[in-house]
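Note sheet for the following structure.
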Amino acid sequence: PVKVEIWVEKDALSGVLVDPASEYRLNYFATKGYPSISSLKEAADRYKAFDDDGETVVILYFSDHDPEGLHMPEQVGEALESFGVTNVEIRRMGLTMEQIRQHSPPPSAAKRTSSRVQSYFDATGTDQAWELDALKPKVIQDLITSETEKIIDWDLWNEAVAKEESNKELMMKVARRWNDILDLINDDDDDDLEDDY
């Protein structure tokens, strides 16, 4: 009933997302800065379809700790709301001040040319900025895994995994008997042709 997606500011980090996304069947999306209106509209349409099925969405959002990075999840939420989406929760997973204190990535000066630099300073008390990709990939992957596992309904998950395994076995049986199945289909086609005449 809850769909989880990972949104990340930088395309260069897409490879880091592959393992946890694959393990938990999560969609992921590199926004390449602020996401485009067309990608937001596409996401909104997807989320409305989920809503029609009674499903909600949690976006795990990863961005730099800088004036734009802190603003992006807020802007995405506002844009989705303007498209009529009501079933989405955005959780900004990183980069946070707590993670900065814990992992000590190298700082840089926040861009003075940013229109959000003053609000960033007011909110954080610093004019320093930190890049998400300074975190080790495993740290990001562990954040995704930990948050996803809090969301999963394990009874439903285990039921789906059991069904998936059963379907794999069925497909293996089909694969082993593929030639027999083709022969059977071809025989049926020949019979149908004879019935037509």
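Observations, loosely collected:
- As a summary of the residue check, residue 126 satisfies the conditions (1) farther than 25 Å from residue 14 by Cβ; (2) open to solvent by 30 Å² or more (accessible area, probe 1.4 Å); (3) at pLDDT below 95 except for the one numbered (2).
- Residue pairs meeting the criteria (Cβ under 6 Å; at least 6 apart or on separate chains; first touching a residue at least 40 places away in the same chain (Cβ under 8 Å), in segment 79-95; second open to solvent by 50 Å² or more (accessible area, probe 1.4 Å)): 87/51; 87/56
- Residue match in segment 99-112 (condition: touching a residue at least 40 places away in the same chain (Cβ under 8 Å), of a type in the set (Gly, Ala, Ser) and under 30 Å from residue 55 (Cβ atoms)): no
- Screening residue 154 against (1) surrounded by fewer than 10 Cβ atoms within 10 Å (Cβ to Cβ); (2) over 30 Å from residue 2 (Cβ atoms); (3) out of contact with any Phe, Trp or Tyr (no Cβ under 8 Å at 6 or more places or on another chain) leaves a single unmet condition, (2).
- Only one entry in 76, 16 is open to solvent by less than 50 Å² (accessible area, probe 1.4 Å) and either in contact with a Pro (Cβ under 6 Å, 6 or more places away or on another chain) or not in a helix (DSSP H, G or I) (or both), namely 16.
- Every listed requirement among (1) open to solvent by 80 Å² or more (accessible area, probe 1.4 Å); (2) out of contact with any strand residue (DSSP E or B) (no Cβ under 8 Å at 6 or more places or on another chain); (3) over 30 Å from residue 1 (Cα atoms) is met by residue 171 save one, (3).
The values are calculated or read from the model by the stated rules, or taken from the named source; none is laboratory data. It should be emphasised that the depicted structure is a prediction, and the values quoted were computed from it without experimental measurement. A quick note on method: Cβ atoms are made from the backbone with ideal geometry, for glycine too, and the neighbour counts reach across all protein chains shown. Heavy atoms of the whole protein, side chains included, go into the accessibility calculation; ligands, DNA and RNA do not. Shrake-Rupley method; radii C 1.70, N 1.55, O 1.52, S 1.80 Å.
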